[in-house]
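See structure below.
The values are calculated or read from the model by the stated rules, or taken from the named source; none is laboratory data. Quick caveat, the model's predicted, so the values are computed rather than measured. FYI the Cβ positions are ideal-geometry reconstructions off the backbone, even for glycines, and counts take in every protein chain you see. Heads up: the accessible areas ignore ligands, DNA and RNA and are worked out on the full protein's heavy atoms, side chains in. Shrake-Rupley method; radii C 1.70, N 1.55, O 1.52, S 1.80 Å.
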Amino acid sequence: MLLFEKSEYRKRVENTKKSMVANGIELLIVSHPANMNYLTGYDGWSFYVHQCVLVSLDQEEPTWIGRGMDANGARITSYLAKENIYQYADDYVHSIICHPMDFVVDIIKAKGWQKKRIGVESDQFYFTHKSFQVLHKGLPEAIFVDANILVNWVRVIKSEAEIRFMKIAGKIAEKVMETAVKYIKVGARECDVAAQIVRAEYEGVGEYAGDYPAIVPLMMSGEAIKTPHLTWTEAVYQANEPVLLELCGTYRHYHCPIARTIFLGTQMPKKMKKVSQVVKDGLQTTLDSIKPGVSIESIEKIWRDYIARHGVEKKARLGYSIGVNYPPDWGEQTISVREGDKTIVQKNMTLHLIPGIWQEDVGYELDASIRVTDDGIEHLFDYPFDVD
């Protein structure tokens, strides 16, 4: 069930080890499910219990450690040899007597890695304070190093195989948005529309199955347009109100977000019409500036200067890097398109630019999910800025 060639996984591990050496790390404990997937191929809805992948400079392949009932999932979905898959008993699950990291400590000791400089993903969703406490107590001779987004940065440049997956996700994103536009009508219930959107996300396109996105459909209407990140209710769509949508197409956990604004009427309010035009033109101007060699902060400055000249302000970042991910977020936690991010743009970076405006009297969302090419960008989905 490997999604990529073994050689690609090995290259990813090799690049991770190079970063480990550069950061003085001899052993890396990877807990982020997207990073585990990226390095080994492992895929399972098991991240609600403790699991990890160990990457050691002393061992060619990583080591997967997880709950016993999930070990066969690792054998099926990862490229790892059977001897590099370890399973802990169910006694460790939700126990107040022992902790899964006790099991991890035992493996580290058995392999002779207990005195290493050990990197941990210290600020990830699934690496808890208790996990670190157990590791620290069980490995008193180890030196722990913050390696929070080490693998995330390795993931920033996509392979051609990954780009293919993201383009498939883009096709699914087109279908998802088309579905939303079809069903969002005056008198329709938000929850009924959400059900159709989720169906489209899972159905996929043609021979390609959709996947569960890291974020549920975000659907703001009425008073909710003042803010992002709200979901559906049983409320009914009203005439002459905007609907802000932040949706996604996902294939094999590779994400292609898509955001648009629908106005349920014929006469858009004057301020909203002005803001929407500034955002559209500003986004296009910004996209035209992106190419290898420019800095992320210079891209954001073009955007910020453009909208400022036209009387619009957006304080939040403009966008971020995207790729493979799991709940609760599809962002890679690396590139942030904002002032101060001096990252240099490179070919096959994949970015989500989403100039959302959420104010007391106007709300508007638009986006572009893109791949950086040799001399510019390529859109990952084909969908117009204006929704008819």
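A few points about this structure:
- The set of residues from segment 45-63 being free of Cβ contacts under 8 Å to residues at least 40 places away in the same chain, touching a helix residue (DSSP H, G or I) at 6+ places or on another chain (Cβ under 6 Å) and either surrounded by fewer than 19 Cβ atoms within 10 Å (Cβ to Cβ) or more than 18 Å from K82 (Cβ to Cβ) (or both) comprises just one member, S46.
- Note on segment 190-274: enclosed strands (runs of 3 or more DSSP E) holding 3 or more residues that are under 20 Å from the mean Cα position of the chain (by Cα) and touching a residue at least 24 places away in the same chain (Cβ under 8 Å) are 242-251, 254-263.
- Here is the figure for segment 64-74: residues that are closer than 17 Å to I107 by Cβ and either of a type in the set (K, R) or over 24 Å from the mean Cα position of the chain (by Cα) (or both) total 3.
- Some residue of segment 319-335 being open to solvent by less than 70 Å² (accessible area, probe 1.4 Å), on the phi < 0 side of the Ramachandran plot, part of a helix (DSSP H, G or I) and small (G, A, S): no
- Scanning segment 339-388 for residues that are assigned to a strand (DSSP E or B) and modelled with pLDDT under 95 turns up I357, W358, G363.
- Of everything in segment 83-92 that is of a type outside the set (D, E, K, R) and part of a helix (DSSP H, G or I), the residue that is nearest to the chain's Cα centre (by Cα) is N84.
- Any hit, segment 135-158, residues being closer than 30 Å to R260 by Cα, modelled with pLDDT of 95 or more and assigned to a helix (DSSP H, G or I): yes
- Residue match in segment 144-155 (condition: farther than 21 Å from N37 by Cα and open to solvent by 10 Å² or more (accessible area, probe 1.4 Å)): yes
- E160, sole failed condition from (1) surrounded by fewer than 21 Cβ atoms within 10 Å (Cβ to Cβ); (2) among the acidic types (D, E); (3) touching a helix residue (DSSP H, G or I) at 6+ places or on another chain (Cβ under 8 Å): (3)
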